[in-house]
Amino acid sequence: MLSSIIRITVLMWADVLAAFAIWMMMTYLTNVWKIGFTHAAAIVNFFWGIVLIMPLALQFLVDTIIGNYWMLLLSSFAYSAVSSSFAPILKEYN
């Protein structure tokens, strides 16, 4: 019983932390990058939609085609490629 209460509490705090991160992203886009509020909201909504839908599509791919090991390798490569491609863009704003 106690472990389920702790698990629920941790998940609730994780949700609060995710909402705070999205709010900070909205604040960063409007204040630092000087993007309009509606454009920043569109970026955040698109990001949040991708975050919620992507696990379903990727889980289907992992289960049917790729496998766990190759998906881990592919996602690590994709993260490295995307994060390194944003470095020159972010340099312009600093």
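Quick note: the coordinates plus some simple rules give every number you see, no bench work behind them. Note that the structure is predicted; figures quoted are calculated from it, not measured. With ideal geometry, Cβ positions are generated from the backbone for all residues, glycine too; neighbour counts draw on all protein chains shown.
Report the calculated FRET efficiency for A18 and S83 (r = Cβ-Cβ distance, R0 = 22 Å), to the nearest 0.05. Working shown, then result.
Values: r = 20 Å, r/R0 = 0.90.
Using R0 = 22 Å, I get an efficiency of 0.65.
Extension gain for R7-F46 works out to 11.1 nm (0.36 nm per residue, less the C-alpha to C-alpha distance). Each 5 Å bin from 0 upward holds the following percent of the Cα-Cα pairs of the stretch 1-65: 4, 15, 15, 15, 14, 15, 12, 7, 3, 1. Each label was represented as a point 7 Å from its Cα along the Cα-to-Cβ direction; for W70 and K34 these points are 4.8 nm apart.
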